[in-house]
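Remarks on the structure that follows.
The values are calculated or read from the model by the stated rules, or taken from the named source; none is laboratory data. Since the structure is predicted, the reported quantities are computational estimates derived from the model, not experimental observations. Note: ideal-geometry Cβ built from the backbone for every residue, glycine included; neighbour counts use all protein chains shown. Heavy atoms of the whole protein, side chains included, go into the accessibility calculation; ligands, DNA and RNA do not. Shrake-Rupley method; radii C 1.70, N 1.55, O 1.52, S 1.80 Å.
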Amino acid sequence: MISKRITAVLAGATTLSLVLAGCGNNGGDKPSSSGEAVKSLSILDYYNNDPDKSLVQKGLDSCASKLGITIQRETVPGDTLIQKVLQQASSKTLPDVLMLDNPDVQQIAATGALAPLNDLGLNADGVIQGMVDATSYQGKLYGLAPVTNTIALFYNKDMLAEAGVQPPKTWDELKAAAKKLTKPGRYGIAFNANATYEGSWQFLPAMWTNGGDETDLKSPQVAEALQLWVDLVQSGSASKSVINWTQGDAKDQFVAGKAAMMVNGPWQIPALQESPKVKWDVVTFPLNKPDQTPVAPLGGEAWTVPLNKDQAKQQKAADFVKCLNSDENELAWAKARFTLPTKAALLDQYAKEVPSMKAFAEQVKTARARTGKLGDKWPDAAKVIYQAIQLALTGKASAQDAFQKASGG
């Protein structure tokens, strides 16, 4: 699922840095039990709803059993996790193992709350570069993600066949297909262009694939990507309501037969499977020019180890994170949750075993971390992106001028 961006971390980062200066967590000055066997670890994550809560629990229990420990797991709603982390840091009660949305790892690492995994014998060998970028800060690794996700283009096989349309490979083909597939009661394509980080996330395949960059949002390549969204809406191939839709809304339109294609992620597959009458498939996001490479954003969560003066417990937590990221667990979690392994060597095997994930497996090989270039400044750029999209799709600015206006000059 697209990671829930928690902006509270930005406001709290300085506070957290001060809180953590010179002190560990889990009781602060409690003597180290390095001479004692570690029997239990505490864990915090935001998978508080089934089926994900139970599926994640199975993976956690498996590693606990292998390490001969018990776990005390706490789950909270995604939009409260960072607030919880800040509160626990101030009271020196951070868990032994902390799950973070991958775009949050750098921000929390910058506060000094996390232990560098390199120092605990872990590395990111074989992990796709985009996830390494997301979970590293100032040259050190602070998190490992067993699985990831991204977005691509779903299409209704029956609708495309009826219209004589092939799955689009280029933007021109996408616009032509969407137009031909549009008829009364049905749009050619659905996507999310709302004024949230999710709206920015859905725009990134077009922007990045076209060579646009968050470090220069006023470039022609970014404007061209925004023009694609504008063209789809202005032609009537996409609903004007995309400015308010979530990814869940886009899925609902697709399932109801009100959209022939949609930009979305594999977390929607369970809902699609509940509607067997909808015959669907997925392709990578179309290219503006044939020589381009599709580039989409990486979702997913990383498991981290908060600093702990109890060195034995900190090392056991690192061993636990290592176990979660074993080849066996990556594949098991990916299959159970329609996510993707983060180790490049596993992707082709996974795609063969789960054919519905083939396009996502291809797309994730070249996918990028949202924080890969801007680090903790990414939310600022994401806000400009979704504001520019809103301006352009509501006719308040052209695609060429929208980013200039959204950035305030």
| message | Suppose the filter is part of a loop (DSSP other than H, G, I, E, B), touching a residue at least 24 places away in the same chain (Cβ under 8 Å) and either open to solvent by less than 30 Å² (accessible area, probe 1.4 Å) or in contact with a strand residue (DSSP E or B) (Cβ under 9 Å, 6 or more places away or on another chain) (or both); does residue 205 pass it? | response | no
Next item on the list: Evaluate the range 167-175: report whether one residue or more is touching a helix residue (DSSP H, G or I) at 6+ places or on another chain (Cβ under 9 Å), modelled with pLDDT of 95 or more and surrounded by 24 or more Cβ atoms within 10 Å (Cβ to Cβ).
Entry: yes
By residue number, the members of the range 182-199 that are in a loop (DSSP other than H, G, I, E, B) and open to solvent by 10 Å² or more (accessible area, probe 1.4 Å) are 182, 184, 185, 194, 195, 196
Picked from the range 55-80 (must be open to solvent by 40 Å² or more (accessible area, probe 1.4 Å) and not in a helix (DSSP H, G or I)), the residue farthest from residue 105 (Cα to Cα) is 68
Of the conditions (1) out of contact with any Lys or Arg (no Cβ under 7 Å at 6 or more places or on another chain); (2) modelled with pLDDT under 95, the single one that residue 42 does not satisfy is (2)
Hey, any hits in the range 235-245 for a residue that's touching a Leu at 6+ places or on another chain (Cβ under 8 Å), among the hydroxyl-bearing types (Ser, Thr, Tyr), within 21 Å of residue 364 (Cα to Cα) and at pLDDT 95 or above?
no
Note: among 83, 106, 87, just one is assigned to a helix (DSSP H, G or I), touching a helix residue (DSSP H, G or I) at 6+ places or on another chain (Cβ under 7 Å), open to solvent by 10 Å² or more (accessible area, probe 1.4 Å) and over 30 Å from residue 263 (Cβ atoms), namely 83
query: Would the range 278-288 turn up any residue that is at pLDDT below 95, of a type in the set (S, T, N, Q), closer than 26 Å to residue 127 by Cα and open to solvent by 40 Å² or more (accessible area, probe 1.4 Å)?
result: no
Filtering the range 234-247 for residues that are open to solvent by 10 Å² or more (accessible area, probe 1.4 Å) and either touching a residue at least 60 places away in the same chain (Cβ under 8 Å) or of a type in the set (Asp, Glu) (or both) leaves a count of 3
Counted residues in the range 181-240 being closer than 25 Å to residue 161 by Cα and of a type in the set (Phe, Trp, Tyr) come to 3
Looking across the range 286-316 at residues that are touching a Phe, Trp or Tyr at 6+ places or on another chain (Cβ under 9 Å) and hydrophobic (A, V, I, L, M, F, W, C), the single one that is nearest to residue 176 (Cα to Cα) is 287
Note on residue 330: of the conditions (1) touching a residue at least 12 places away in the same chain (Cβ under 8 Å); (2) out of contact with any Pro (no Cβ under 7 Å at 6 or more places or on another chain), unmet is (2)
- prompt: Within the range 295-304, is even one residue out of contact with any helix residue (DSSP H, G or I) (no Cβ under 9 Å at 6 or more places or on another chain) and either hydrophobic (A, V, I, L, M, F, W, C) or in a helix (DSSP H, G or I) (or both)?
  reply: no
Per the list (1) open to solvent by 10 Å² or more (accessible area, probe 1.4 Å); (2) at pLDDT 95 or above, residue check on residue 117 breaks on (1)
